[in-house]
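Step one of this worksheet: look at the structure below.
The values are calculated or read from the model by the stated rules, or taken from the named source; none is laboratory data. What you are looking at is a predicted structure, and each value in this text was computed from that prediction instead of being measured. Cβ: placed from backbone, ideal geometry, glycine included. Neighbour counts: every protein chain shown.
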Amino acid sequence: MARGFSKAIIMGNLTRDPEMRSTPSGAQVCGFSVAVNRTFKDSSGQQQEAVSFIDCSAWGRAGEIIAQYTKKGSGIMVSGRLDQRSWEDKEGQKRSRVEIIVEDFNFIGGNNALGAGDSNGGRATASSNTTNATPPSTQDVAPDDISDDPIDLSEIPF
């Protein structure tokens, strides 16, 4: 039997503020939804617009960063695997939902993510596999630390 593969990449805007929750075991998970717009021409040649609303879950540090630096309307690009959950609601109805389990993300735009005063345009990246992921800072590299000396290629480890 062939082994399956699942990967989704979407870019859009958050439809609501992210919600942080904790599992009974103490794991942190951030739930949010992304609106993805697309335009197309219908059979009569008229320009149409459609919106898809995609649910996402980010676990651990990635979820904490998303919850801290985004809000409703913030632009984000996420990639991850698709996951389907099934459950029975309070009325006994069977329910299911497909969502993206976030593995990587990028903040998109300047004024909605990381605040308007961020000099790097509001762009930050983190991976859910990174334990100490933090948004980049303009103070990480000082201009005085950059030299004009040539790079010795023998010092590169690969």
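Here are some notes:
- Residue match in segment 6-21 (condition: in contact with an Asp or Glu (Cβ under 8 Å, 6 or more places away or on another chain) and either basic (Lys, Arg) or assigned to a strand (DSSP E or B) (or both)): yes
- Within the set Arg81, Arg85, the sole residue that is charged (D, E, K, R), free of Cβ contacts under 8 Å to residues at least 24 places away in the same chain and in a strand (DSSP E or B) turns out to be Arg85.
- All conditions in (1) among the charged types (D, E, K, R); (2) within 12 Å of the chain's Cα centre (by Cα); (3) at pLDDT below 95 hold for Glu88, with the sole exception of (2).
- Counted residues, segment 50-59 - those being surrounded by fewer than 18 Cβ atoms within 10 Å (Cβ to Cβ) and touching a residue at least 60 places away in the same chain (Cβ under 8 Å): 1
- In the set (1) more than 11 Å from the chain's Cα centre (by Cα); (2) in a strand (DSSP E or B); (3) aliphatic (A, V, I, L, M), Ile76 fails one condition alone, (1).
- Residues that are within 11 Å of the chain's Cα centre (by Cα) and in a loop (DSSP other than H, G, I, E, B), drawn from segment 32-73: Thr70
- In segment 29-49, the qualifying residues are those that are in contact with a Gly (Cβ under 8 Å, 6 or more places away or on another chain) and within 16 Å of Asp104 (Cα to Cα), and the one that is surrounded by the fewest Cβ atoms within 10 Å (Cβ to Cβ) is Val29.
- Only one entry in Gly75, Gly63, Gly31, Gly92 is of a type in the set (Gly, Ala, Ser) and without any contact (Cβ under 8 Å) to a residue 24 or more places away in the chain, namely Gly92.
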